[in-house]
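Here's the structure, in structure tokens; my notes come after.
The values are calculated or read from the model by the stated rules, or taken from the named source; none is laboratory data. If you're wondering where the values come from, they're calculated on a predicted model, not measured in any experiment. No Cβ is skipped: glycine too gets one built from the backbone with ideal geometry, and neighbour counts run over all protein chains shown. Just the protein is used for accessible areas: all its heavy atoms, side chains included, with ligands, DNA and RNA removed. Shrake-Rupley method; radii C 1.70, N 1.55, O 1.52, S 1.80 Å.
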Amino acid sequence: MAQLIAKRYAKALFDIALENQSIDEFEHQVHMVYQILDSEKEFMKILQHPQVLKDEKIKMIEKIFSSKVSNEIMGLLVLMIQKNRQEYILEILTTFLEEVKNYKGIVTATVVSAVPLTTEQINKITQKLISSLNKQIQIETQVDPSIIGGLKIRVGDRILDASIEGKLHSLKSQLYDLQLV
């Protein structure tokens with residue numbers, strides 16, 4: 001249900017941005033709103049608190065964002081509060097940003113390594129992915145020492161597991177299969 005709500009509102013905002021030819025502007029503003037709301041957990045608790053009046057929530061939102069975002073984005077935030085859907089705001093904003101990436105042909109690749117990657121390594125991975133996928137790539141890196149070494153790369157629903165952990169797991173499965181025969 002939450003995903004359906006988020007998709008519906010995000011799509012409506014995206015359609016408005018497209019109609020106004022303001023995709024980049026909306027993307028920048030939505031990203032800024034997301035960062036603020038995501039980092040201020042206490043503020044989100046206040047927005048979701050049932051004993052805080054809707055009018056007070058709207059005044060807080062307007063005070064913080066009215067000078068920083070377009071009327072359309074402000075309208076979306078106010079509408080979420082009026083409809084008691086403020087718990088979906090972050091998900092709606094995330095879904096909108098994903099819509100923009102799809103529109104621009106940008107794919108996010110998550111690269112997991114055992115140790116932090118250097119800028120040079122990230123650039124090489126980016127170039128390889130660009131040449132193999134023929135799309136713009138946005139890299140997100142994560143460090144997970146449990147993979148021991150190597151990399152795990154996730155692009156959409158595809159995963160390339162070239163980690164030592166993955167190879168050990170594969171070897172373990174093969175050995176287990178041999179025992180059953």
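Quick one: in region 141-181, which of the residues that are open to solvent by less than 80 Å² (accessible area, probe 1.4 Å) and among the hydrophobic types (A, V, I, L, M, F, W, C) is nearest to V111 (Cα to Cα)?
First, pick out the residues of region 141-181 that are open to solvent by less than 80 Å² (accessible area, probe 1.4 Å): 141, 144, 146-147, 149-153, 155-156, 161-166, 170, 173.
From what is left, the residues that are among the hydrophobic types (A, V, I, L, M, F, W, C) are 147, 151, 153, 155, 162, 164.
Values: I147: 12, L151: 7, I153: 5, V155: 9, A162: 11, I164: 14 Å.
The extreme case among them is I153.
Out of Q3, Q21, Q29, which single residue is closer than 17 Å to E99 by Cβ, open to solvent by 70 Å² or more (accessible area, probe 1.4 Å) and in contact (Cβ under 8 Å) with a residue 40 or more places away in the chain?
Numbers: Q21 fails: in contact (Cβ under 8 Å) with a residue 40 or more places away in the chain; Q29 fails: open to solvent by 70 Å² or more (accessible area, probe 1.4 Å).
After ruling out the rest, the residue left standing is Q3.
Please pick out the residue among I16, I58 that is open to solvent by 30 Å² or more (accessible area, probe 1.4 Å), over 30 Å from I130 (Cβ atoms), free of Cβ contacts under 8 Å to residues at least 60 places away in the same chain and touching a helix residue (DSSP H, G or I) at 6+ places or on another chain (Cβ under 6 Å). Walk me through it before giving the result.
On the way: I58 fails: open to solvent by 30 Å² or more (accessible area, probe 1.4 Å).
Unique residue meeting the criteria: I16.
Output the helices (runs of 4 or more DSSP H) that fall wholly within region 1-94 and possess 1 or more residues being of a type in the set (G, A, S), or say none. Break it down stepwise before answering.
On the way: elements: 2-19, 23-39, 41-48, 54-65, 71-82.
In region 1-94, the matching helices (runs of 4 or more DSSP H) lie at 2-19, 23-39, 71-82.
Given the conditions (1) in a strand (DSSP E or B); (2) buried (at least 17 other Cβ atoms within 10 Å of the Cβ), and given that Q138 satisfies all but one, which numbered condition is not satisfied?
Unmet for Q138, out of (1) in a strand (DSSP E or B); (2) buried (at least 17 other Cβ atoms within 10 Å of the Cβ): (2).
Residues in region 99-108: is at least one open to solvent by less than 30 Å² (accessible area, probe 1.4 Å), out of contact with any strand residue (DSSP E or B) (no Cβ under 8 Å at 6 or more places or on another chain) and farther than 24 Å from T141 by Cβ?
So far as region 99-108 goes, no, none of its residues is open to solvent by less than 30 Å² (accessible area, probe 1.4 Å), out of contact with any strand residue (DSSP E or B) (no Cβ under 8 Å at 6 or more places or on another chain) and farther than 24 Å from T141 by Cβ.
Being touching a His at 6+ places or on another chain (Cβ under 7 Å) and modelled with pLDDT of 90 or more narrows it down to one of L97, L90, so name that one. Break it down stepwise before answering.
Details: L90 fails: touching a His at 6+ places or on another chain (Cβ under 7 Å).
Being touching a His at 6+ places or on another chain (Cβ under 7 Å) and modelled with pLDDT of 90 or more holds for just one of L97, L90, which is L97.
Going by the structure shown, is I73 within 22 Å of A2 (Cα to Cα) and modelled with pLDDT of 95 or more?
Details: within 22 Å of A2 (Cα to Cα): yes; modelled with pLDDT of 95 or more: yes.
When the stated conditions are applied, I73 passes them.
Let me confirm something: among E72, E99, which residue is in contact (Cβ under 8 Å) with a residue 24 or more places away in the chain, more than 18 Å from the chain's Cα centre (by Cα) and closer than 19 Å to D15 by Cα? Give the steps one after another, and end with the answer.
Numbers: E99 fails: more than 18 Å from the chain's Cα centre (by Cα).
That would be E72, the only listed residue that is in contact (Cβ under 8 Å) with a residue 24 or more places away in the chain, more than 18 Å from the chain's Cα centre (by Cα) and closer than 19 Å to D15 by Cα.
Exactly one of (1) small (G, A, S); (2) farther than 18 Å from T95 by Cα; (3) open to solvent by less than 50 Å² (accessible area, probe 1.4 Å) is unmet by S66. Its number?
Result: S66 fails condition (3) only.
Yes or no: M80 under 21 Å from the mean Cα position of the chain (by Cα), surrounded by 15 or more Cβ atoms within 10 Å (Cβ to Cβ), within 30 Å of K41 (Cβ to Cβ) and free of Cβ contacts under 8 Å to residues at least 24 places away in the same chain?
Details: under 21 Å from the mean Cα position of the chain (by Cα): yes; surrounded by 15 or more Cβ atoms within 10 Å (Cβ to Cβ): yes; within 30 Å of K41 (Cβ to Cβ): yes; free of Cβ contacts under 8 Å to residues at least 24 places away in the same chain: no.
Here the answer is no, as M80 does not meet what is asked.
What's the number of the only condition in (1) modelled with pLDDT of 90 or more; (2) closer than 28 Å to M32 by Cβ that K135 fails to meet?
Result: K135 fails condition (1) only.
Quickly run through region 116-134 and pick out the residues that are exposed (fewer than 14 other Cβ atoms within 10 Å of the Cβ) and in contact with a Ser or Thr (Cβ under 9 Å, 6 or more places away or on another chain).
Here is the first cut: in region 116-134, the ones exposed (fewer than 14 other Cβ atoms within 10 Å of the Cβ) are 116, 118-120, 123-124, 127-128, 131-132, 134.
Matches in region 116-134: P116 only.
Yes/no matrix, rows are residues, columns are (1) among the polar types (S, T, N, Q); (2) over 22 Å from G166 (Cα atoms):
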{"residue": "V107", "(1), (2)": "no, yes"}
{"residue": "N134", "(1), (2)": "yes, yes"}
{"residue": "I137", "(1), (2)": "no, yes"}
{"residue": "D144", "(1), (2)": "no, no"}
